[in-house]
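Reading through the structure tokens given below for one structure.
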Amino acid sequence: MEEQISDSVEELDAVIVGAGFAGMYQLYRLREAGFKTRVIEAADDVGGTWYWNRYPGARCDILTVDYSYSWDPELEKEWTWSERYATQPEILRYAQHVADKHDLRRDIQFQTRIKRAKWDEDAKRWNLLTDQGQKIAARFYIMATGCLSMPKVPDVPGADQFEGASYFTSGWPHEGVDFSGKRVAVIGTGSSGIQSIPLIAEDAAQLTVFQRTPNFSFPAHNGPVAEARLAEYQRDVNAYRQAARESLIGVPADKPSVSALEVSEEERAAVYEKVWETGELAQQIKFNDIQLNPEANETQRQFMHNKVRQIVEDPKIADLLCPTNHYIFTKRPCLDTNYYQTFNKPHVRLVDLHTQPIVSITRAGIDLGGDEPEELEFDAIVFATGFDAMTGAIVSVDIAGRDGLALRDAWSDGPQTYLGLMSAGFPNLFMITGPGSPSVLSNMMVSIEQHVEFITDTLKHLRDHGYDSIEPTALAQDRWVQHGNEFADLTLLPTANSWYMGRNVPGKPQVFLPYVGGVGRYREICDEIVDRDFLGFTLD
Ligand code: FAD
């Protein structure tokens, strides 16, 4: 049914879409700078990722000390994380606490989706339409819509026929799910699958895991935050945060300077063992050629395969769980608690979709084909099938820029952005952690804060100098896209069938989406562009 479209138009300085960590901080900053701002959010509360992903085992994979806001010195002191990797409820409580503390909700309109956005060149405004039929005109349109917020539609035939219960990790029921005594299927072995499978196995009577591609996963060794780490952080919080901003992935860490092939086999094994025991994403790459040289990469890949084979008792299952079709660190590695051990349980089965593909989901379960066809019955199916990452939420809004140019058309061969922040032909439209910025290759909190501060300073600059609009030049954008692609091509990252490359979504253009240069280097580039009078942007 077409929504009732209102006749009145509300005028604002800025509309932010999304009330996750990006939208919340952006609201705080723009309000502080005196811009009349509203956030539009589809959910009924703040938190974004941590509002939606409530599946069992959902946690962050960056130490939560690092994965937290750095802009509120009081918050740094008053909030203590209970674990190295906080659970989703704790991170959601943190987001809610920030919203309460800064009274953010009074400028957030919940349960509302932005459907359309059209640039009005004469008025230099974005005309926005919500799914409530509400019209808003705003000079600045800021998409804080999230990189992993648009669930991928499962490409499995018959998904709507199943008469049992279906769940999506990305939209888990708020009241939780009781799997006890149930025959459960989990489809997908990415990060959400790997986090949830051990806990679902604890409850379910039978668990069948459907795997297309195994992923590398390190044990999280979760527990209280190590005293030494806390001491380092508390000794000088500002220096700690600054080191994160200047680092590669947004977490203070030494840059590796030695090749994996320069050291003896014993030394390498000792390094990899230590990495395995550390359980920290930011400490996993210890040699400078792991992401560059297949031969170097193979040494750590083999180490990981051996670990899996030591843990998993059935050698055939262990083989299936060893990733062989991509190099380690060409996809974001997972952190787990007892993932591989779960496959030693007698009531847990692994189905390899390469040899037994899903023919169809049926009313009662899942039919498998291949050499050994089977009809399996289930009480519940869990879809841990991932996201249309980085571009999905942006292009799901019907966006028309200058001369009616549709963003979907402009991006039909892959996203075209300058710095992952703006796109030529779409003045005053900003994306927080958009494609072409470090975003998902980083501790997102660091990337979010940098973009929010860049956008806020830019809006202030425009206001203070009497400009109405800002837009990248086509030339600057082309060069940035080219630079991003060439940089990525120096590494092994584009070789994987990953969501970084859009390869998990049928029909999606296959280009490397995030910027591989690291958050420190990227920040320097952004700062230099501003210093050089917004080099590559047109201000009007
Ligand atoms: P989100 O939190 O995704 O919020 C975007 C919001 O926009 C959503 O609430 C959505 O409802 C809303 N929205 C989108 N489109 C519209 C629309 N058209 N109209 C209205 N509202 C809209 N990152 C890390 O750095 N470390 C981690 O450990 C980590 N763990 C993760 C674990 C999971 C399970 C997932 C899914 C992601 C994880 N991430 C992690 C990435 C995470 O998405 C970011 O860290 C961060 O939370 C993103 O914040 P955001 O505000 O940019 O986007």
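Quick notes on this one:
- Cα centre as origin, Lys/Arg/Asp/Glu Cβ charges: the chain dipole, Debye: 220 debye
- Within segment 253-296: Cβ-based charge dipole about Cα centre, in debye rounded to nearest 20 (Lys, Arg +1; Asp, Glu -1): 180 debye
- Computed over segment 254-341: relative contact order in percent, which uses C-alpha pairs under 8 Å that are six or more apart: 29 percent
- Pairwise inverse Cα distances across segment 253-363, averaged and inverted, put the Kirkwood hydrodynamic radius at 15.8 Å.
- Projected label distance in nm at Glu121 and Ser259, using a 7 Å step from Cα toward the beta-carbon: 5.5 nm
- Net length available on complete extension from Val9 to Glu374 is 125.6 nm, with 0.36 nm assigned per residue and the Cα-Cα distance removed.
- With N as its number of residues, the chain has a Cα radius of gyration that, divided by 2.2 N^0.38 Å, comes to 0.98.
- Dipole of segment 243-373 [Lys/Arg +1, Asp/Glu -1 at C-beta], most positive-end residue of Leu353, Asn338, Ala364: Ala364
- Charged neighbours of Leu539, selected by a Cβ distance under 14 Å, balance to -1 (K, R count +1; D, E count -1).
- The listed peptides 347-358, 202-213, ordered by packing as a protection proxy, come out as 202-213, 347-358 (highest mean of other Cβ atoms within 10 Å first).
- Under Karplus coefficients 6.51, -1.76 and 1.60, residue-wise ³J(HN,Hα) of segment 350-357 in Hz, glycine/proline x: 10, 10, 8, 6, 6, 9, 10, x
- Amide H contacts of Thr538 (H built 1.01 Å from N, in plane; Pro and chain starts excluded): Glu471, Thr473 sit under 5 Å, all sequence-distant by 5 or more or on other chains.
- Radius 9 Å from Cβ of Ala380, net charge of other residues (Lys, Arg +1; Asp, Glu -1): +1
- Cα-based helix-to-principal-axis angle, 21-32 vs the chain, degrees rounded to 10: 20 degrees
- For the chain, the longest principal axis of the Cα atoms and the long axis of helix 265-278 meet at an angle of about 70 degrees.
- Dipole axis of segment 325-442 (+1 Lys, Arg; -1 Asp, Glu on Cβ), positive-most option in Ser412, Met390, Met422: Met422
- Potential lengthening between His461 and Val530 on full extension [0.36 nm per residue; Cα-Cα distance subtracted]: 23.8 nm
- The order of the peptides 23-30, 64-71, 155-162 by mean Cβ neighbours within 10 Å, most packed first, is 23-30, 64-71, 155-162.
- Top positive-direction residue, dipole computed over segment 131-182 with Cβ charges, set Trp172, Gln132, Ala144: Ala144
- Percent RCO, i.e. relative contact order, over segment 1-96, from Cα pairs under 8 Å lying at least 6 residues apart: 26 percent
- Unsatisfied cross-links (Cα-Cα over 26 Å) in the set Lys118/Lys508; Lys286/Lys508; Lys152/Lys460; Lys152/Lys331; Lys124/Lys508: Lys286/Lys508; Lys152/Lys460; Lys124/Lys508
- Electrostatic tally near Ile399: other residues with Cβ closer than 11 Å to its Cβ, Lys and Arg +1, Asp and Glu -1, net +2.
- Virtual spin-label span in nm between Asp398 and Ala228, 7 Å along Cα→Cβ: 5.8 nm
- On the beta carbon distance between Asp103 and Glu277, with R0 = 35 Å, the FRET formula returns roughly 0.20.
- The chain: angle of helix 191-203 to the longest principal axis, Cα-based, in degrees nearest 10: 50 degrees
- Lys, Arg +1 and Asp, Glu -1 on Cβ, resulting dipole of segment 170-249 about Cα centre, debye, nearest 20: 260 debye
Read the figures in this text as sums done on the coordinates, not as results from a lab. Owing to the predicted nature of the structure, the values given are computational and were not obtained by experimental measurement. Glycine gets a Cβ as well: all are built from the backbone with ideal geometry, and neighbour counts include every protein chain shown.
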